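Every number in this text was worked out from the coordinates using simple rules, so none of it is lab data. Note that the structure is a prediction, hence the values are computed from the model and not measured. Virtual Cβ from ideal backbone geometry, glycine too; neighbours counted across all protein chains shown.
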Amino acid sequence: MWCILNRMVQYTAGRLDASFSALSDVTRRGVLEQLGRGDASITDLANKFHMTLTGMKKHVGVLEQAGLITTEKVGRVRTCKPGLRRLDEEAAWIERYRQLWDARFDELDKVVEELKRKEKVDGRKKRE
Amino acid sequence: MDARRESEPTPMKNRTTVERKSERELVVTRTFNGPARVVFEAWTKPELFRRWWVPKSMGMSLLSCEMDVRVGGKYRLEFEPDAVAFFGTYLEVTPHSRLAWTNEEGGEGGPVTTVTFEEKGGKTLLVVHELHSSKEALDAAGTGAADAMVETFAQLDELLLTLGASV
């Protein structure tokens with residue numbers, strides 16, 4: 001049970017590694033956006049991004065490995081489509097991080113309020 | 001190893017403790033607000049098990065869940081995506097008090113998991129004991145599951161709440 005959960009945690013971590021690393025390149029992010037507007041062949045993509053076919057094949061491979069796109073070969077043309085992964089877990093990771101900061105700032109609000117109150121009281125005392 | 005971890009800080013909530021008992025053993029404990037009979041069912045009925053087992057934050061879901069809960073019976077859990085599978089054989093089945101099974105997805109010599117259900121005043125103390133074949137095997141398993149375990153047990157809490165009315 002523990003070991004199953006552990007494996008699952010390792011597996012999900014591996015998937016996050018793959019997707020964040022796939023997203024760590026401007027061309028690959030561009031390809032994802034491009035495919036959001038419609039399917040495209042590797043040749044189309046290579047032209048669009050002013051790259052060699054070999055270079056684009058590598059990028060497509062990384063995106064496919066991460067599950068962000070799928071490809072299908074019909075005849076001599078390999079067509080790329082957006083994958084089924086919506087990056088929910090990646091978004092959730094970022095959201096958790098964001099919440100840490102929210103919580104931190106909430107605490108800061110409290111400290112600021114407290115200091116303001118204290119200053120007011122001190123000020124009054126001085127005047128008396 | 002810093003495997004000892006305690007979850008929810010509020011005293012009202014039940015805590016999950018994780019402790020390495022020896023070089024080859026890991027023990028997880030958690031109390032649930034419900035009789036052992038119900039908690040045991042949540043572990044042994046596939047239709048209930050699949051409602052709480054997978055931590056929601058993982059983004060994985062159970063594709064299939066088969067459990068032939070009797071000594072010598074097999075279980076198999078398959079997850080989406082990529083059909084990652086976990087399987088093994090039940091070694092002990094004592095209704096409402098004790099379960100033990102092998103974990104065979106990693107090949108021969110996988111760990112043996114024993115779960116006991118101890119009822120006290122309407123609550124159930126759950127103890128998950130995992131015995132690995134070697135110190136190295138347990139070291140390699142890591143402690144990544146600690147947070148996931150807290151999450152999955154909170155999901156079991158919720159399930160027990162919803163079952164509360166009907167059982």
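What the table shows:
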item: Length gained when the stretch residue B:94-residue B:127 is fully extended (0.36 nm per residue, less Cα-Cα span); result: 10.4 nm
item: Rounded FRET efficiency, nearest 0.05, which uses the C-beta distance separating residue A:13 from residue B:80 and R0 of 22 Å; result: 0.80
item: Calculated FRET value between residue B:25 and residue B:157, using beta carbons and R₀ = 30 Å, to 0.05; result: 0.70
item: CD proxy at 222 nm, helix term only [per DSSP H run n ≥ 4: -39500 (n - 2.57); per residue of the protein assembly as shown; nearest 500]; result: -15000 deg cm²/dmol
item: Highest to lowest packing among B:87-94, A:97-104, A:36-43, B:139-146, scored as the average C-beta count within 10 Å; result: B:139-146, B:87-94, A:36-43, A:97-104
item: Prolate/oblate/rounded call for the protein assembly as shown, Cα gyration tensor, a/c under 1.5 rounded; result: oblate
item: Above-threshold pairs, the threshold being 24 Å between Cα atoms, out of B:13/B:56; A:73/B:56; A:116/B:13; A:57/A:81; B:74/B:123; result: A:73/B:56; A:116/B:13; B:74/B:123
item: Prolate/oblate/rounded label for chain A (Cα gyration tensor, a/c 1.5); result: prolate
item: Separation between Cα centres of segment A:59-113 and segment B:95-167, rounded to whole Å; result: 31
